[in-house]
Each structure stands twice: as structure tokens, then as C-alpha cells.
Amino acid sequence: MKYERGKCMNKIQREFLLEGLGCANCAAKIERRIKKIQKITHADINFATKKLTIESDAYELEETIKEIKEIIKKIEPHVQVVDKGKKECFLDKNNHYGANGDCCGHNHAHDDQSNGSSGEHYHEHENFNKKEVIALTSGAVLFFIAIIFQFNFWIELLLYVVSYLLIGKDVLLKAIRNIFRGEFLDENFLMTIAGISAFVMKEFPEAVAVMLFFRVGEIFEGAAVNRSRKSIEALLDIRPDFANLKTKDGIFKVSPDEVNIGQDIIVKPGEKIPLDGKVVAGASMIDTSILTGEAIPRKVQVGDEVFSGAINKNGVLTVEVTKGFRESTVSKILELVERASSRKAQTEKFITKFARYYTPSVVFVALMLAVIPPLFITGATFAQWIYRAAIFLVVSCPCALVISIPLGFFGGIGAASKNGILIKGGNYLEALNKVDAVVFDKTGTITKGVFNVTKKIAVNEFEEDEIIYYAAYAEYYSNHPIAVSIRKSYKGKIQEELMKDYEEISGHGVKVIVDGKVVLAGNKKLMKKYDIDYKEIDELGTIVHIAVDEKYAGAIIISDEIKEDSAKGIEQLMKLGVKRFVMLTGDHKKAAEGIAKEVGIDEVYAELLPHEKVEKLEAIQKSMKGNIVFIGDGINDAPVLARADIGVAMGGLGSDAAIEAADVVLMTDEISKMATAIRVAKRTRKIVWQNIIFSLGVKGIVMVLGVAGMANLWGAVFADVGVALIAILNAMRVMKDKG
């Protein structure tokens, strides 16, 4: 489901921070339960950022929120639910501000902790406190004393029971609470059953050792999850801390969201630019790598635009703010990346669904293993097969997959953003693995979109100065780069009072009366429409034909410069397995074919109207099996961007239209970034599938060995906790992708 502004007035979005959430499996349960609430139209939990996003009926919202909190309390009683819709805190390095700059008292340093609910959940190890450390250490000491020294049976049993309770008390308490809530199939319950089974069989050392291994493994697993979260946060650490607001009373350090449009801010060397704006004083080099992935700083001076998140390298800049904090580039990037998790990849959806049925199925098989073999196999005992069933139970938890796969996809999205590529969801990241064709717009995509008049051809008794005069008047109201280049070429001053009856004819050009004369300016379709006997021009470039009072006056040739990166980018895409490259443009056929040949595109469709571009794209889609990517400027190509399997906007930095329209936004004007996006996608898929195969493979092997009596509870705990830890660490590798 796409999030769209102004979608429906009776719907409202709210965001909650689930402090203390450390169990991916439980997060999935919470998400499923919340989605069943009648007034909820969309719900998503981003496990990597601990954020719950809901879209709900605006009516009775407070009742809905109350129901959500009850669900969370039932499944994860220690999790603290912070309603970000009610209170948003701004944090600088020393103070915590509310929306109005007052201290809100919320300690962000503890956002990743569960606020005193120590040890209440086996996955939450970020706040592993002193009491737990003492209990775990004491239990371990008693366990080793029982192993090393020779005691009689009852003393040994007492030592093992006490050490087991000290080590596993939180697991046992959680299991008991879950039984009363009807939540049987989680690791607490499974580990409790396994431990009791081992005690029943008089395997005291193994019962305690497995619980000890499990708890220590869970600590490392929790640390790995926490580290991966911090890695993702580091990738997205672009939010500015403060703004230096310039006023008549001096300069004050304030929250960026306190600054209004039109106010001036001071950006000192080494500081992040907190808000989008225009430089009104000073000059400096700024580092935009955090936004674009480009390491080379660029110079800015008076009149230049600057974007929030960039870092000022040397000079002092005075910037006039042009966008509020919520509309700034940095806010939109953060919002898009954080919300990307709501559009889950098919692999992620499959694993979530698989986990729902996998664990109950394994528990059912374990129950059959405990009961059936002793009844039908000669010499088999219930104790023997209950032990083997316990192994099955411990192995069954799907946490390795449920945690590592979302982290893998979210890490891939984070790695892409570090390279200046915004991918709006795991579904698009996954789709980039199967790109068969890339379709390009020309202007602003293959070319720079910087036009210059290179030739004027006057015919019949008209002069070159006359045709540029009429063309400049005809293009006066247009913001198209071609129109701008024509007006720039005309040296005179345009007098609006000389113009009347201005009419723009879509896909053709312009008709206007200038100083009493009917002027037509546009392509040859316009000339044909009005039966003008025009001259075919055999020149490379965009051709604007001019007619005055139904008489052909001549043509203006406008050329666009090809981007240095275009040919290299297409070559890289070809090496990545893209089979087909197509250019769709409304430009003159000869000009389009010349540019396409220069950059390595064989298939060109020129002189197309917007709806004809969509028709051509649909025809290409029918002829190809894989996904079709359309790359355009994100402003004039919205219909094609929407229709493509993956719509990609070029040059998204500062372009609201680009960020809104596309599925992927390349924050620079480089086609090679598309190749980077595909490489990140392929690496992410590779790591995700490594985790799937490794996790299921190890679990499958241990299950088989357990049934055969060749594996013990140690192996089962490794197949659960150890595999989860390895899978999480492996998932973190995708975040280090440099493209």
C-alpha cells in the first residue's frame, strides 16, 4: 500500500515507537493481531527501527489505539508504547526538546531499552542489568561446582535445580505467563519443555548446560540485533541536530522545526545544513555525500540552492530557508527510507507466512515423535523419544529467518541510500534483481537538459532575428528547457501587451497572436495541423518550426548536451544482464537517434506524446518476461513512471515531484547509479538466500540427527540460537555495500 498525501480525509496515520521490542517473531504476531482490528486499514512493524505505523479510521481513533496497546501488552507486556503522533522530540547533543523547544523529558539515550523491565523477555538483552548478571553468573558457578565435585545424588540434584532456576527463571516465568495467555509456541515454552524433559530423563548436566548456552546465545543474538539497528541508524544519520537562527537580537541555537520559511540561518564550518534554502551571503564547499553518495565536495555561493543534510566544509554561509523542516530534503529521505519496510519483498512475506505454519507443524511432529515410536518400535522407550521430541521442539523456532531477513532487506535499502539511491520498499529492491529492459526518457536523463540555440534557418523573406523574435514570444509562458533556451537566445525585451490569445497545443507546440500576427511555434505535427508548407530540416538537434500568418518562416535548431555518465552507465547495466535498452522521447527523430547511437541505445521511439509513451512501454512489457525499468526526470513522465514495473526518477535532490512519483529515486543525475542499485539488490538477495538456505539446512540436519538419536540438546540449541546469531551477522554485511 502506497502512502499518499491527501489520500482520504477520514483516514489518519499514526506512528508508535515500541521501546524494548527485541523479538522479531513476537513483532510479527503483534502486527498480525493489529491488522485484524476492524478500523485499521494498514499496519506495519519495522523491527529494525522498532516503529509501528498504522493507518486507521479517524473516528474512534483513541479506542483503536487503546486496543493496539492491549494487544501489545498481552503479547509483550514489557514493551513501552510511545505515541509519536502525540509527542515528537527533537534531540541535540545536550538537550531534549519538545515540538515547541521545551524539554519533553524523554531520554533518547534509552530508546533502545525497555525501561526497567529487565529480563522479562528473552530477546531483549540491551538492558541486561546487574541482577540478571549476578543470577546468571551464580547459576553458572553452581553448575560447574556440581560437575567438578563429587556429591551424592540429592545434593547434585539440588545444585542443578537451583542453577537451572537461576539461569532460566525469566524463560520459565515467561513460558508460564504465555500458557495462561494461550501463547504456547514460542522459545520460552519450547525451552521449558526441553529442560523438563532432560530432568525427567535424569540428564541434569545437559538440562542446565542447554539453558545456560541458550541464555548466553540469546545475549549475543540480542547484541547482534542491537548492533545491526545501530548500523542502520548510522547509515541514516542525516537528521540535523540544530539550526543557528539569525534574528535582530542575535543568533540563537534552535530546533530546525522552529525555523520558518523566509528566515535566515547561519551554517558554520563543519555543521550540517539543517534546512533547504538559498545562499544569501558567503561561499563555501559543501559535502553532499550523505545525500548523493558523491564524495567530491561542490562549491556554493550567493544565489545557489543548498539542501538539508549536506555538510558545510569551510566558509560561513547565511541561508534563507525555502522549506519547512517537515518538507525538507532530509526529512523526506528519512521518511521514505523508514517507511520502505511497509512494502515488504515477496521473500519477506513468504518467510513471515512460513513461520506461522512452520512452528506449529514441527510441534505437532514432535508430539507424534514422543508418543508413536514407543508404541510401535520394539525396545523404544518413552523417555528416549520424549528427549528426541524435545530436540525437535528446540530446533523449531524460526527466529533466525524472522529476524535476519527483514534486517537484510532494510540493510539493503540503507546501503542504497548511502549511495544516493532511495528505494521505496523491499518489494522494489527485490524486483531490481529481475530487470530485463531499461527504458529511458531523453531530456534530463540521457542528456543534461541544458539547451542552447545552435542554428537559425530563415526562409521566404524572413530574417533570422525575426524568427527568434516570434519564437521567444511564443515560448514566453513555458518553463520547458527548450523554451528557456529560445528566450535566452533572444536579446530583446518581451512586451506582454503585444501578445494575446495564447494557446498551448499538447504534443504540438504553441499558437499565439504577436503584434497582430498569428504565430505558430512547434514541431512538424503543428505545421501539418495548420496546413503549413514547411521545410524538412536535416539537422541533429531539436527542431522548432516557426510560421507567421500561415506562412512558413523557418526553424530554430536547439541542441542538448549528453551527460558524461550516460554511456558508462548503460555499459554497466549491460554487464549486469540487462538485455534491452529503449529510448522514448517527444523529440525529433533524427536528434533522438543521434544521441541514442552515441550512448549505445539501439531502439528509439521519437516524437511521442505522453500517452504514446505509455502505450510503447506497455508494448515492451508484453514482449519481455522480466521487469521493465523506466528512468525519467520524475516531473514530466509521471504516467510512464507509474506504469513501469519500477519507475526511477533522476536527479531527485530537491525535486518534490521526483520523490513523490517514482519507486526508486537517484539523487544525482547519473545513470550509473541505476547499476549501483541493481548491484545492491543482487547482493541483498544473495545474503538473504544464504540465510534461508543456511538456517533451514542446519535445522533440517539437526532434526534428522535428533530423530536418529545422533544429536542432543546442545546441537538443538545451536540450530536455534547459534544459527540465528550467524544469520544476523551475515545480514549485516549488506549494510557495508559501497555500490
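The values are calculated or read from the model by the stated rules, or taken from the named source; none is laboratory data. Since we're looking at a predicted model, the values are computed, not measured. Neighbour counts run over all protein chains shown; Cβ positions are idealised from the backbone, glycine included.
Can you tell me which residues in segment 698-731 are more than 26 Å from the chain's Cα centre (by Cα) and of a type in the set (Gly, Ala, Ser)?
Scanning segment 698-731 gives 700, 706, 708, 709, 711, 715, 716, 719, 722.
What number goes with the only condition from (1) touching a Leu at 6+ places or on another chain (Cβ under 8 Å); (2) crowded, with 23+ Cβ neighbours inside 10 Å that residue 363 does not pass?
Among (1) touching a Leu at 6+ places or on another chain (Cβ under 8 Å); (2) crowded, with 23+ Cβ neighbours inside 10 Å, the lone unmet condition for residue 363 is (2).
Keeping to segment 330-350, report how many residues are in contact with a helix residue (DSSP H, G or I) (Cβ under 9 Å, 6 or more places away or on another chain) and modelled with pLDDT of 75 or more.
Residues flagged as in contact with a helix residue (DSSP H, G or I) (Cβ under 9 Å, 6 or more places away or on another chain) and modelled with pLDDT of 75 or more within segment 330-350 amount to 4.
What residue, of 477, 473, is among the hydroxyl-bearing types (Ser, Thr, Tyr), surrounded by 24 or more Cβ atoms within 10 Å (Cβ to Cβ) and either touching a helix residue (DSSP H, G or I) at 6+ places or on another chain (Cβ under 9 Å) or not assigned by TED's automatic domain parsing to the domain that holds residue 591 (or both)?
Result: 473 is the single residue among 477, 473 that is among the hydroxyl-bearing types (Ser, Thr, Tyr), surrounded by 24 or more Cβ atoms within 10 Å (Cβ to Cβ) and either touching a helix residue (DSSP H, G or I) at 6+ places or on another chain (Cβ under 9 Å) or not assigned by TED's automatic domain parsing to the domain that holds residue 591 (or both).
Just wondering, is there one or more residues in segment 481-491 that are within 30 Å of residue 613 (Cα to Cα), modelled with pLDDT of 90 or more and in a strand (DSSP E or B)?
No - not one qualifying residue is present in segment 481-491.
Where residues in segment 494-528 are among the polar types (S, T, N, Q) and over 10 Å from residue 473 (Cβ atoms), which of them is surrounded by the most Cβ atoms within 10 Å (Cβ to Cβ)?
The selected residue is 523.
Is it fair to say residue 170 is over 29 Å from the mean Cα position of the chain (by Cα) and either within 24 Å of residue 18 (Cα to Cα) or at pLDDT below 80 (or both)?
yes
Give the residues of segment 368-380 that are surrounded by fewer than 16 Cβ atoms within 10 Å (Cβ to Cβ) and at pLDDT 85 or above, sorted by residue number.
Within segment 368-380, 368, 371, 372, 375, 376, 377 qualify.
Scan segment 225-248 and give yes if some residue there is touching a Ser or Thr at 6+ places or on another chain (Cβ under 8 Å), modelled with pLDDT of 75 or more and of a type in the set (A, V, I, L, M), otherwise no.
Taking every residue of segment 225-248 in turn, at least one turns out to be touching a Ser or Thr at 6+ places or on another chain (Cβ under 8 Å), modelled with pLDDT of 75 or more and of a type in the set (A, V, I, L, M).
Could you list, in sequence order, the residues of segment 533-549 that are under 20 Å from residue 473 (Cα atoms) and surrounded by fewer than 19 Cβ atoms within 10 Å (Cβ to Cβ)?
Hit for segment 533-549 is 549, nothing else.
Taking segment 191-208, which residues are surrounded by fewer than 24 Cβ atoms within 10 Å (Cβ to Cβ) and assigned to a helix (DSSP H, G or I)?
Result: 192, 193, 196, 197, 199, 200, 204, 205, 206.
Being part of a helix (DSSP H, G or I) and polar (S, T, N, Q) is the filter here, so list the residues in segment 595-628 that pass it.
If the condition is that a residue be part of a helix (DSSP H, G or I) and polar (S, T, N, Q), then 621, 623 are the ones that fit.
Applying the selection to segment 43-95, what residues are modelled with pLDDT of 75 or more, assigned to a loop (DSSP other than H, G, I, E, B) and charged (D, E, K, R)?
Passing the criteria: 50, 76.
Report yes if residue 534 is in the same structural domain as residue 469 (by TED's automatic domain parsing) and either of a type in the set (Gly, Ala, Ser) or part of a strand (DSSP E or B) (or both), otherwise no.
no
Considering only residues that are over 17 Å from residue 443 (Cβ atoms) and in the same structural domain as residue 459 (by TED's automatic domain parsing), look in segment 552-569 and name the one that is surrounded by the fewest Cβ atoms within 10 Å (Cβ to Cβ).
552
Let me spell it out: the conditions are (1) aliphatic (A, V, I, L, M); (2) under 23 Å from residue 596 (Cβ atoms); (3) not in a strand (DSSP E or B), and residue 527 meets all of them except one. Which number is the exception?
All conditions are met except number (2).
Among the residues of segment 480-493, which ones are surrounded by 12 or more Cβ atoms within 10 Å (Cβ to Cβ) and of a type outside the set (Ser, Thr, Tyr)? Steps first, please.
Taking segment 480-493 first, the residues surrounded by 12 or more Cβ atoms within 10 Å (Cβ to Cβ) are 480-490.
Passing the criteria: 480, 481, 482, 483, 484, 486, 487, 488.
Restricting to segment 432-450, and then to whatever is assigned to a loop (DSSP other than H, G, I, E, B) and of a type in the set (S, T, N, Q), can you tell me which residue is modelled with the lowest pLDDT? Full working, then the answer.
So the first thing to find is which residues in segment 432-450 are assigned to a loop (DSSP other than H, G, I, E, B), and the list is 441-446.
Narrowing further to those that are of a type in the set (S, T, N, Q): 443, 445.
Values: 443: 80, 445: 87.
Looking at residues that are assigned to a loop (DSSP other than H, G, I, E, B) and of a type in the set (S, T, N, Q), I get 443.
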